[in-house]
Every structure is written in structure tokens, then in C-alpha cells.
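A quick write-up on the structure given underneath.
No lab work stands behind these numbers, since they all come straight from the coordinates. None of these values were measured; they are calculated from a predicted model. Neighbour counts run over all protein chains shown; Cβ positions are idealised from the backbone, glycine included.
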Amino acid sequence: MLSKIVRTVTNEFMPFILVFGFYIIAHGHLTPGGGFQGGAVIVSGVVMLLVAFNHQEVKQVLRERTLSIMESTGALIFIALAFAGIGAAFFYNFLVGTPIFGRIPPTGPNPGDFWTGGVIPLMNLAVGLKVIAGLSAVVLAMAIFSSGEEVEE
Amino acid sequence: MRRFTGLILLLVLVAFLVWGVQLIHPFGYPDTSDMDDYIIQNAQEETGSNNVVASVVFDYRGFDTLGEATILFTAVTGVLLVLRASKRREEGP
């Protein structure tokens, strides 16, 4: 565990990192970024927590079982969205033109509309969930292993 | 003798690399740009996404992203498996 200054700064910064990561995930169909990148940003916040605090404290919040359930959920949502468009093709964007995320922006540069993109924002969310859970599990397992303790199931 | 052979091999490698670099066509001018032009012209209308890269990653080339997600899953599984197995072996008989 690091000094009180580092812990306090980590506590103050954590919400901003989470908000920025979720912004990158949610706006993946409008601005550069997406599920993989935003998930990596959030996991960098988890790494900061691991550095500032002990892994015992982080382990109480992020249980490995919860993380594995989160990752499986993300993967299942992704595959389900891919199979939902199987009527036309695998990974067909079937939500374009429907009321859900279905608006079509004009071709060419434009400011953008959040309610566009079809299945792309939903897939970004699923992939983001998967990346957050997967990389957090990896980082947590490495921290626990390097401390020489038993890795819990 | 070994050093001499190594030098020869290095020179051959460098010659091939220079030859290959000279054969690259200019940056930004692909040989066939039909697919690029089609995606740039139609991505916003077909997928409704302003970020054309996202529309390629999750729509036109979605199968590739499925493989990417599978790689991530395999990596996580492998790391957890290796760390647990080495821990168990240390405590074994």
C-alpha cells in the first residue's frame, strides 16, 4: 500500500477514469475509440487501484467469479447480436432504419447523432464489458500471484 | 569463420530488405482502391455509423472482430490457467 497522498489522488481520479472510459465505449460509433480502447482505459484505472492499494482490498470489490460472469455475458451478447442478423448475413446490421439506434446520418462530415449505428453501439458495449472483465482478471491474477499468495477460485 | 558467415548472411539480409523497400508503391496510393472507395462512400448510409472505422470493425469485417474477442478470451484463460498451475506445483509433493 502506498502513501496516503497516492491513495487520496487515486480515490479522486477513479470516477473520472470510469466516466472517460465509458464515454469512449459509448461513443465508439461517432468518435475514435470503441469497446477495446475504452475497456483498456477503465482497466488502467483498475491497475492504478492495484498499485495504490493492496490487492486484498481490490479483490474484495472485484471478485474473480463476478469478472468471469461479466466476460461471458459480454461474449454471449456479442455472438447473439451477430447471430440476430443471420436472416441476411452473419454480422448483418439489422437495426439500421429501426427505432432502436436506427437513424441514418447524412453522408459526409457531420456533427453526428448518438442514436445511430444500428448494432454497432450495442456491440461496442458488449466488447467493452468483455475487455474490462478479461483484462481486470488478468491484472488481478498477476498481482495476487506476484505477492505469493494463493490464487482463489 | 562463423563471424565471416554471419557477416555474409547479414549483408544478404540487408540487400533483400533494401530491395523490398524499393519495391513498395507510394504511401497512400493503393493499387486497387475499389473496396476503400465503396466503404467510404456507403458506410454512413448502410450502417448509420459516423465512425467508418467502427463500421468496418463491427459490420463489414465483424467476423474478424469475433476472432479478436476469442483471442482475448483465450489469453485470459491461459494467464489464469498458467498462474494457478504453477502455484499448485510449488505446493505439491
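Quick rundown of the values:
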| quantity | calculated |
| --- | --- |
| Loop-located chymotrypsin sites (Phe, Trp or Tyr not before Pro) in the stretch A:88-153 whose Cβ has at most 13 other Cβ within 10 Å (DSSP) | A:F90, A:F114, A:W115 |
| Segment B:F27-B:I40, extension gain: residue separation times 0.36 nm, minus the distance between their alpha carbons | 2.9 nm |
| Cut-off under 5 Å, modelled amide H: who pairs with B:N51 long-range | A:L30 |
| Value at 222 nm in deg cm²/dmol, rounded to 500, when DSSP H runs of n ≥ 4 in chain A each add -39,500 (n - 2.57) | -21500 deg cm²/dmol |
| Two-site label geometry, A:R65 and B:R3: point separation in nm, points 7 Å out along Cα→Cβ | 6.5 nm |
| Label point at A:S44 placed 7 Å out along Cα→Cβ; residues across the stretch A:124-148 whose backbone nitrogen lies under 16 Å | A:132, A:135-136 |
| Stretchable slack from A:N54 to A:I5, in nm (0.36 nm times residue separation minus alpha-carbon distance) | 16.1 nm |
